[in-house]
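What follows draws every value from the coordinates through simple rules; no lab data is involved. On a predicted model such as this, the values are computed, not experimentally measured, just so you know. Every residue, glycine as well, gets a Cβ built from its backbone with ideal geometry; the counts of neighbours run over all protein chains shown.
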């Protein structure tokens, strides 16, 4: 069975937990020690009388992760023996809830006796059919039929009849067919999943993006202008700061800051809203069968469109500097897409954890705030290179922070000068992105089903 | 696809859920649980469900609160993947829960028809073709251009049901849909369901309203503690359910 099921013990208290673990270890070991197991079971029962749930999980672990059906069967027998003396209701519950593979002829006999004792005659007849037919069973059958005749009004045991017949058919089926394994996630198919989803659902995505854009500024007077006001205000602030600190500035400083801030705000949006994408769409996710990436892709698409609209705000600056865009302008969309893929990859990872621990979004908020200062957003990469940073650190920095490189790539689309960091770093940044994307996609497809359960 | 007799087959389906003990967890406990893996608690929402539903039949699911009815519907609808067992669903499935299909609150009803219609698998032209029909059936003519957040729960359910029906699903899963609508809408939707069943749609209904189930179902599945206690003809199951 799946690996996460390996240690699923529902239990109460440490002592009970220890006992469950002990029972599990005793059962899975090859040296057969039924006395020790029954002793441990008895003390577990004294510790916590509702043992059926935790024992069901233990038996399943034996069957599915240890592939040890014989051990499971003998443990099952021990438990049924104990419960049939101590707590009959729980015993019935246990027999019908547990995996039918664990029930052998010995346990079935106990189950039969228990039903017979409680006058569930029809159900016990069905259980008797599951046993091997011999003289003993023939006699038992006669006994049942005699007792059935003896009573005027029979006890209603329709539910037990149903359960018993289900159990017997399942047991027969389990003997016939081999275990089919749940389809595990394929690494390669998880990689193409996200692009595939964005292609297949392109109509829906475009509609969702249009909705987001129209809802965003629905009740505001300035509307779309707000998208420009924010980077403008921040740019002016940082220009002032640079003036006061009299730090080194380059020629195109306002332009560079503005491009940096606009792209970074898009990046931050994908990260923040993307991390919450599963959580905040729980209503739809619990009702409609959808690929779970779709909300993240919607957020990313909205952010990309917003950035491409906001970037129009630099047109006056282009006129001011008398920059004529060349073919290099194509670098801007490339850089933007690379940044978006980076943010999507990280969000694929964080969104699945966010459903279980809501702390993740707070952490992401802090990380983005810090990342803002550690990435050349309101300064340029050149300033870092020409600054007081030793070259070894710079190499590590450039390997670890591909976004810094993408930002300078986006800037060079307009300002026409490449930052001299060496070509290999461009390739390293793409490689970094690729590895990150692979890992995060695999994580997502492996954990999405579990994450949805926490919604 | 059209040929097979059982569009819904579940074989020994098991689903475990994590315990939501929100509020009880402290940082200390969380920290300790990193080291003690067996501290994780799971409970069994569905244990060994076997179910076969015939094409073009209406199956009702009854059971107490928390017995696993809605979870079962979600497993059939493909929202939760079972931890174990085999599940085979043929055709497109639509799950309709009591509060609509997960609408976008700030948008008017008409835009939501397009949005949700697209999400449940209709194409743009299909929706445009059926738009008037959907609005007509939902009975929301005067409110269709008002934002969804102003709708009452009954109105949401009506719109949701209307969209779901007109997308012509092969399998329709209804989770307590009839409890919110008014009498007239209930009558209309029951009729619509029977109409759809004629056209070979398979329907699974969860409801506490036994009268409704008696009216429309062919067969009833009685669930308790995540197990199917019985799945028989409706009269027998309802009698048993009421007696217990």
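Below is a table of values for the structure above.
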item	result
The range A:217-324: proportion of alpha-carbon pairs further apart than 23 angstrom, %	44
In degrees, nearest ten, helix A:187-200 long axis to first principal axis of chain A (Cα)	60
Pairwise FRET efficiency - residue B:5 versus residue A:385, Cβ, R0 = 60 Å, nearest 0.05	0.25
Cα centroid of the range B:111-126 to Cα centroid of the range B:187-209, whole Å	22
Peptide B:85-97 - average C-beta neighbours from other chains (10 Å radius)	2
In Å, descending, principal axis extents of the Cα set of the range A:189-453	56, 48, 36
Sequence of A:443, A:226 once ranked by neighbouring C-beta atoms within 10 Å, starting from the fewest	A:226, A:443
Linear extension gain, residue A:136 paired with residue A:106, 0.36 nm per residue minus alpha-carbon span	9.4 nm
Relative contact order [Cα under 8 Å, 6+ residues apart], chain B, whole percent	28
Packing-based exposure ordering (other Cβ within 10 Å, fewest first) of A:327, A:199, A:357, A:264	A:327, A:199, A:357, A:264
Counting DSSP beta bridges with both ends in the range B:8-243, the antiparallel % (nearest 5)	50
Rough spin-label spacing in nm, given labels placed 7 Å along Cα→Cβ, for residue A:324 and residue A:21	7.6
The range A:365-415 versus the range A:212-235: alpha-carbon centroid distance in Å	27
Share, in percent, of DSSP beta bridges within the protein assembly as shown that are antiparallel, nearest 5	50
Semi-axis lengths (Å, descending) of the ellipsoid that matches the C-alpha gyration tensor of the range A:3-176	30, 17, 14
Per residue Cα convex hull volume in Å³ - calculated over the protein assembly as shown	204
Two-site label geometry, residue A:218 and residue B:105: point separation in nm, points 7 Å out along Cα→Cβ	1.0
Calculated FRET efficiency for the pair residue A:158/residue B:54, C-beta based, R₀ 30 Å, to 0.05	0.85
Fraction of antiparallel bridges per DSSP, the range B:112-244 only, in percent to nearest 5	55
Rounded to 10°, Cα long-axis angle of helix B:109-119 versus longest principal axis of chain B	50
Helix-only mean residue ellipticity at 222 nm for chain B, each DSSP H run of n ≥ 4 adding -39500 (n - 2.57), per residue, nearest 500	-11000 deg cm²/dmol
For chain B, alpha-carbon Rg relative to the globular expectation (2.2 N^0.38 Å, N residues)	1.10
Point-to-point label distance, residue A:117-residue A:309, nm (Cα→Cβ direction, 7 Å offset)	7.4
10 Å Cβ neighbours from other chains, averaged over peptide B:163-175	0
Residue-averaged beta-carbon neighbours from other chains (10 angstrom radius) around B:114-122	5
Degrees, to the nearest 10: A:294-310 long Cα axis against longest axis of chain A	10
